[in-house]
Amino acid sequence: MDYKALYDEKRSMVLAELNAALAGVDASQVGALIDALESAEKVFFVGVGRVMLSLQAIAKRLKHLGFDTYVVGETTEPPIGEKDLLIVGSGSGSTLVPSGLAKKAKGFVAKIAHIGCIPDNPISPITDVFVRIPCKNKKAMDDVVPSKQPMTTLFEQCVLLLGGYCRRHDPGETGRRGHGGSLVWTRQSGIALFSARGYTFSNVAAKSARQICRALWFGPHTLNGSAARKSLSGVYKTAATCFENFGLRS
């Protein structure tokens, strides 16, 4: 058997399907998801089966980039609240566990983001952000991308790849030390560093603290808005001094 020819054929097929499916995603929906991620204090992920595996990979990647992420059901999962985001991965939106937990989270006034295939689904009335990936699923629709891959493989692949760019990308940002050679401080690391210089961050929102930590590494221009840059300039200078004292560049 000519395995090279077989591999090339399958590779081309998979890439063509991924390109078509991701090209069919509405960029404004992705933007809404990014905004929800950036404004949330904690981000939770829920799904089942293979989709859950894709969500777990996204949660870990975002964790490395400073987001406070949790997979529903893990032993260290904190309670969800009104400042948090639950990301549901479900093609149909009717899977029992994700849909049930989404309704429960909405009862605690959390924001709900759904990555799926069918816009009109059981959790659409409580969904704040919906990102549609046009893959085949339980309900027949005319505009779905046909796939030769088994079952819902294409959707699971797209969920994983979509999670890779569902964030505002900072130039040179590749992860923590050991995850690409760069250094992205988590909110907790940044607060600990600033506290060593006498600053108290008990009342600083998660988003603001995360912005400060990013500014330390990528520069104050990464802060959103001139007012934020001006009000945090003193903190930036002090924290930069901390970095130098610890032998790190600011």
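The values are calculated or read from the model by the stated rules, or taken from the named source; none is laboratory data. These numbers come from a predicted model, not from an experiment. Cβ placement follows ideal geometry from the backbone for every residue including glycine, while neighbour counts extend to all protein chains displayed.
Checking Asp128 against (1) under 20 Å from Met52 (Cα atoms); (2) modelled with pLDDT of 95 or more; (3) charged (D, E, K, R), only one condition comes out false. Which one?
With (1) under 20 Å from Met52 (Cα atoms); (2) modelled with pLDDT of 95 or more; (3) charged (D, E, K, R) applied to Asp128, the lone miss is (1).
Just checking, which of Ala32, Ala57 is over 18 Å from Thr127 (Cα atoms), of a type in the set (A, V, I, L, M) and in a helix (DSSP H, G or I)? Give the derivation first.
On the way: Ala32 fails: over 18 Å from Thr127 (Cα atoms).
Within the list Ala32, Ala57, the selection yields Ala57.
Of all residues in segment 123-143, how many are of a type in the set (A, V, I, L, M), crowded, with 19+ Cβ neighbours inside 10 Å and assigned to a loop (DSSP other than H, G, I, E, B)?
Step one: of segment 123-143, the residues of a type in the set (A, V, I, L, M) are 123, 126, 129, 131, 133, 140-141.
Within this subset, residues satisfying the condition of being crowded, with 19+ Cβ neighbours inside 10 Å are 123, 129, 131, 133.
Those still in the list that are assigned to a loop (DSSP other than H, G, I, E, B) too: 123, 133.
Summing the residues that are of a type in the set (A, V, I, L, M), crowded, with 19+ Cβ neighbours inside 10 Å and assigned to a loop (DSSP other than H, G, I, E, B) in segment 123-143 gives 2.
Look at segment 1-17 and say how many of its residues are in contact with a helix residue (DSSP H, G or I) (Cβ under 6 Å, 6 or more places away or on another chain) and either surrounded by fewer than 19 Cβ atoms within 10 Å (Cβ to Cβ) or among the hydroxyl-bearing types (Ser, Thr, Tyr) (or both). So that I can check it myself, show each step before the final result.
From segment 1-17, those in contact with a helix residue (DSSP H, G or I) (Cβ under 6 Å, 6 or more places away or on another chain) are 17; that's our starting set.
Going one step further and asking which of them are either surrounded by fewer than 19 Cβ atoms within 10 Å (Cβ to Cβ) or among the hydroxyl-bearing types (Ser, Thr, Tyr) (or both), we end up with none.
Number satisfying all stated conditions: 0.
Can you work out which of the residues in segment 58-70 that are touching a strand residue (DSSP E or B) at 6+ places or on another chain (Cβ under 9 Å) and surrounded by fewer than 18 Cβ atoms within 10 Å (Cβ to Cβ) is farthest from Lys42 (Cα to Cα)?
Lys60
Are any residues in segment 92-120 closer than 24 Å to Pro78 by Cβ, in contact (Cβ under 8 Å) with a residue 24 or more places away in the chain and in contact with a strand residue (DSSP E or B) (Cβ under 8 Å, 6 or more places away or on another chain), and if so, which ones?
Val97, Pro98, Ser99, Leu101, Ala102, Ala105, Ala110, Lys111, Ile112, Ala113, His114, Ile115
Criterion first (among the acidic types (Asp, Glu), surrounded by 14 or more Cβ atoms within 10 Å (Cβ to Cβ), in contact with a Leu (Cβ under 6 Å, 6 or more places away or on another chain) and outside any strand (DSSP E or B)) does Glu41 satisfy it?
Criteria not met by Glu41.
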